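Inspection log for the structure reproduced underneath, given as structure tokens.
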Amino acid sequence: MIELLILQVLLDEKFTIYKIKQRIEKKYGFFLNISFGSIHPAVKRLENQKCIYAKKSVTEGGQRSSVYSITDSGKAYFIKLMLDDLPDNPSIAKQLINIKLLSFNKLEDKQKIKVKDSIINYLEMKKTASNYLLSSGQDLFTGTELKFLNYNIQRQNEFVEWIKLKI
């Protein structure tokens, strides 16, 4: 997930690690919190995979600095990550859906359709599972629990419809 964020940021401009973190916080901070401790190793992995390139320099004060840019291989990897299926883990999938929707404009039309269909299929599958859980486990849930599950199913239905209409 963090690699997708880094590549998305570098599609726009060249940045230092510090600026990459700032851009991620600015664009995704309302639903995601990323630390330098996770960004730095991910940047190094992407650099080792030749997805990004570091131009190293020394500042006037003697500090070493690296400015990162995305390579053609990195652009292809970004598209691969965007087109990858969502994981089964709902927490991670939710974050990836948010990232993919906010990165949607970086794709070509055919790629957008694939990402959109993938997200809708995932949400429809989760909706089916939730409905099954509700119908088969009626005796497990009571009062507030049932209201909460029904509310979440309704929100998921609305989200799917929003994606179908707006994206």
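A few comments on the model shown:
- Rounded to the nearest 0.05, the FRET efficiency derived from the C-beta distance between residue 89 and residue 16 at R0 = 41 Å is 0.85.
- Charge dipole of the chain about the Cα centre (unit charges at C-beta), most positive-ward option of 113, 57, 38: 57
- The residue among 129, 90, 163 whose Cα reaches farthest toward the positive pole of the charge dipole of the range 68-167, with charges on the beta-carbon of Lys, Arg, Asp and Glu, is 163.
- Gyration tensor (alpha-carbon) shape descriptor, the chain, a/c threshold 1.5: prolate
- Cα gyration tensor category, rounded, prolate or oblate, for the range 1-84 with a/c compared to 1.5: oblate
- The label-point distance for residue 110 and residue 56, in a model that sets each label 7 Å from Cα toward Cβ, rounds to 4.0 nm.
- In the range 23-141, Cα pairs under 8 Å separated by at least six residues give a relative contact order of 16 percent.
- Charge dipole of the chain about the Cα centre (unit charges at C-beta), most positive-ward option of 28, 48, 152: 48
Just so you know, all these numbers are worked out from the coordinates, no wet-lab data involved. Remember, predicted model here, so these are calculated numbers, not experimental data. When we count neighbours, we look across all protein chains shown, and the Cβ atoms used for this are built from the backbone with ideal geometry, even at glycine.
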